[in-house]
Amino acid sequence: MKILGISSYFHDSAAVLIDKGEIIAAAQEERFTRIKHDPSFPSQAISFCLKQGECSIHELDAIVFYDKPFLKFERIIETVLETAPKGLALFLKSMPIWLKEKLLLKSDLRKRLKELAQKKVSVPILFSSHHLSHAASSFYTSSFREAAILTIDGVGEWATASISKGNGNIIEHIKELHFPHSLGLLYAAFTSFLGFKVNEGEYKVMGLAPYADPSSEDAEKYYNTIVNELVTVFDDGSLKLKLPYFSYMHAERMIPVKKWEKLFKLSARKPEEPLTKAHASLAFALQKVTEEIVFKMARHAKELTGSDCLCLAGGVALNCVSNGKLMASGLFKNIYVQPASGDAGGALGAALACYHMHFKKNREPKENPMKHGALGVSFSEEEIFQTLEKSRLKYCKLNEKQLLDDVSGYLVQGKVVGWFQGRMEFGPRALGYRSILGDARNPDMQRILNLKIKKRESFRPFAPILLEEELSTYFENAKPNEFMLFVYPIKKELRNPRPEMYYSLPFTEMLNETGSILPAITHIDYSARIQTLAPQTESKIRKLLENFKKQTGVGVLINTSFNVKDEPIVCTPEDAIRCFLQTEMDILVLENYILKKDGIS
């Protein structure tokens, strides 16, 4: 039984093909179009999935869309009526799109599928609710037979957070929080006020928070302002926003900026303006509130379900700092976070919900249904060879042992390596298939990668990829996670002491202080967002880490996504070569082919 899941028309469009409940292929449209967070109909992603599954559209048993447009339209209409006349201009502006595409979505889908298939498509088209899609994407890809499921995002149709229970092949919806009260939209509002792009810059806010002094007057003041003036948080984690301080219900901007400036006694930051300690303190206060709300929601989910296992999904589930603290709390014995927790993962959840709930197919939990996240397109050595020949660049092909020896040696020398192997990752994280690698021991590597390679803000931290058996050597109370979705503290004995008055230093000077024996992956607060590779993982990145450890005694590298700021992760060999040439990257590895910049022997 083959089912195609689709998400599109908001952000992070994607397509997923499953066959008998197994994930055959999954990809975001942005990787093909090179438009970051591309919301358009995922025609190229669909074509890839069908090719990977060796089937045509006509052979599908169902096509499932990840939310219900009529319910979303109902929410928009009711919001306009409640906020009239404020929301009228936005409503009139959005109406042509709704009438042309979203309200007539089934017809639009059939039209676009017909264009792909070059003839009429008669496959049934079904619709899943937004939060069911998120919940299904997490529970059905977990190894749990039963679990509490917590979904938190900006908004679906009406729901902004929901609690469900998964048991066998059934997901039982229990409770939900409704728009306009939303933790995801609260976080987005601060993202906007701090000068970052909504639906894209939230992780920057999370990375900025540790630069604040937790005991500072500003941090305490901003925290109190949020919980006393912006949001009321209840014991079950539900929340109520003070709506006069938010404008997303009736305008294109998230907040009334002047009101926020008066409330926080702080000017809204423009994207090009430098960051200050006050901005960091505001980010810290928001992150603290977020962690408290998530914990309360999770505790209530445990009370309602009685489960010792938790599945997380929705955009807020990508807040890996919150995830790490929830794991450390011991509230649940096991926590699984869907690696594609955002809307792209909704395509996966819609397909799986259709298979298990609509078609009532049994489910046997598996250890690795996500296939380490490597669910996207791959390229043969012949295809890579042809690309290299067209590029007219110097390259050589090595056997695997020589390649691993050479690349490990380059990393030891402080070189930056573009690493392109196997199938592309599904979701926002590079997991060792489309990655940029560096030596985590190098105190200059964080600065080099941010400024010379990624071309992004200097305060941004980098994540380590490490052999699972190295985890207890470097991190406190950490559990293995192959999807880079939990933050854990570096062991105390490995940390370097901070100078007195550390938090009063300018940002640039804070960055000059090496935090641990792995300075390039140690954030300001002695933490890191980990990715572990189990001994049974059969991947070239695992072999590279083993080789690097033989040479250095350390089985840890920096792993960051193979792209530059404002671009999607590379998809094709051509993308990788372009990124290699446009940055100060030293080495490019395409399967067993290796390219070096001039002057590197």
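Quick test for you: out of ALA268, ALA285, ALA278, pick the one residue that is of a type in the set (Gly, Ala, Ser) and either touching a Leu at 6+ places or on another chain (Cβ under 6 Å) or free of Cβ contacts under 8 Å to residues at least 60 places away in the same chain (or both). Write out each step before concluding.
Values: ALA268 fails: either touching a Leu at 6+ places or on another chain (Cβ under 6 Å) or free of Cβ contacts under 8 Å to residues at least 60 places away in the same chain (or both); ALA285 fails: either touching a Leu at 6+ places or on another chain (Cβ under 6 Å) or free of Cβ contacts under 8 Å to residues at least 60 places away in the same chain (or both).
Only one candidate qualifies: ALA278.
Of everything listed in (1) in a helix (DSSP H, G or I); (2) surrounded by fewer than 17 Cβ atoms within 10 Å (Cβ to Cβ), the single unmet condition for ILE541 is (2). Restricting region 410-440 to residues that are more than 25 Å from VAL377 (Cβ to Cβ) and out of contact with any helix residue (DSSP H, G or I) (no Cβ under 7 Å at 6 or more places or on another chain), the residue that is surrounded by the fewest Cβ atoms within 10 Å (Cβ to Cβ) is GLN413.
Scanning region 544-566 for residues that are under 30 Å from THR33 (Cα atoms), crowded, with 16+ Cβ neighbours inside 10 Å and not hydrophobic (A, V, I, L, M, F, W, C) turns up ASN559, THR560, SER561, ASN563. Residues in region 2-24 that are among the small types (Gly, Ala, Ser) and surrounded by fewer than 24 Cβ atoms within 10 Å (Cβ to Cβ): 1 in all. Kindly provide the set of residues from region 342-362 that are over 16 Å from the mean Cα position of the chain (by Cα) and either crowded, with 24+ Cβ neighbours inside 10 Å or within 14 Å of ALA45 (Cβ to Cβ) (or both), ordered by number. Result: ALA350, ALA351, LEU352, ALA353, CYS354, TYR355. Take the conditions (1) within 30 Å of ILE524 (Cα to Cα); (2) outside any helix (DSSP H, G or I); (3) of a type in the set (A, V, I, L, M); ALA161 misses just one of them, which is (1).
Quick grid of which residues meet (1) surrounded by fewer than 18 Cβ atoms within 10 Å (Cβ to Cβ); (2) among the basic types (Lys, Arg); (3) at pLDDT 95 or above; (4) in contact with a Lys or Arg (Cβ under 8 Å, 6 or more places away or on another chain):
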{"site": "LYS277", "(1), (2), (3), (4)": "no, yes, no, no"}
{"site": "ALA283", "(1), (2), (3), (4)": "no, no, yes, no"}
{"site": "GLU292", "(1), (2), (3), (4)": "yes, no, yes, no"}
{"site": "PHE295", "(1), (2), (3), (4)": "yes, no, yes, yes"}
{"site": "GLY315", "(1), (2), (3), (4)": "no, no, yes, no"}
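Filter region 207-228 for residues that are touching a residue at least 24 places away in the same chain (Cβ under 8 Å) and in a loop (DSSP other than H, G, I, E, B) and give the result. Passing the criteria: ALA212, ASP213, PRO214, SER216. Checked against (1) at positive phi; (2) surrounded by 24 or more Cβ atoms within 10 Å (Cβ to Cβ); (3) of a type in the set (A, V, I, L, M, F, W, C), MET501 passes all but condition (2).
Considering only residues that are farther than 23 Å from GLY168 by Cα and outside any loop (DSSP other than H, G, I, E, B), which ones fall in region 307-324? Reasoning before the result, please.
Within region 307-324, the first condition is being farther than 23 Å from GLY168 by Cα, and the residues that meet it are 315-316, 318-324.
Result: GLY315, VAL316, LEU318, CYS320, VAL321, SER322, ASN323, GLY324.
Counting only residues that are touching a residue at least 60 places away in the same chain (Cβ under 8 Å), surrounded by fewer than 22 Cβ atoms within 10 Å (Cβ to Cβ) and assigned to a helix (DSSP H, G or I), region 42-71 holds 6 of them.
Does region 205-226 contain any residue that is touching a His at 6+ places or on another chain (Cβ under 7 Å), within 30 Å of ASP12 (Cβ to Cβ) and surrounded by fewer than 21 Cβ atoms within 10 Å (Cβ to Cβ)? Write out each step before concluding.
Filtering region 205-226 down to residues touching a His at 6+ places or on another chain (Cβ under 7 Å) leaves 208, 210.
Now restrict to residues that are within 30 Å of ASP12 (Cβ to Cβ): 208, 210.
Among the residues that remain, those that are also surrounded by fewer than 21 Cβ atoms within 10 Å (Cβ to Cβ) are: none.
No, the conditions are met nowhere in region 205-226.
Those strands (runs of 3 or more DSSP E) of region 547-601 in which 1 or more residues are within 27 Å of the chain's Cα centre (by Cα) and not small (Gly, Ala, Ser) occupy 556-561, 587-590. Residues in region 194-206 that are charged (D, E, K, R) and either assigned to a helix (DSSP H, G or I) or under 18 Å from ILE524 (Cβ atoms) (or both): GLU202, LYS204.
The values are calculated or read from the model by the stated rules, or taken from the named source; none is laboratory data. No experiment lies behind these values; they were computed from the predicted model shown. Every residue, glycine among them, receives a Cβ derived from its backbone with ideal geometry; neighbour counts consider all protein chains shown.
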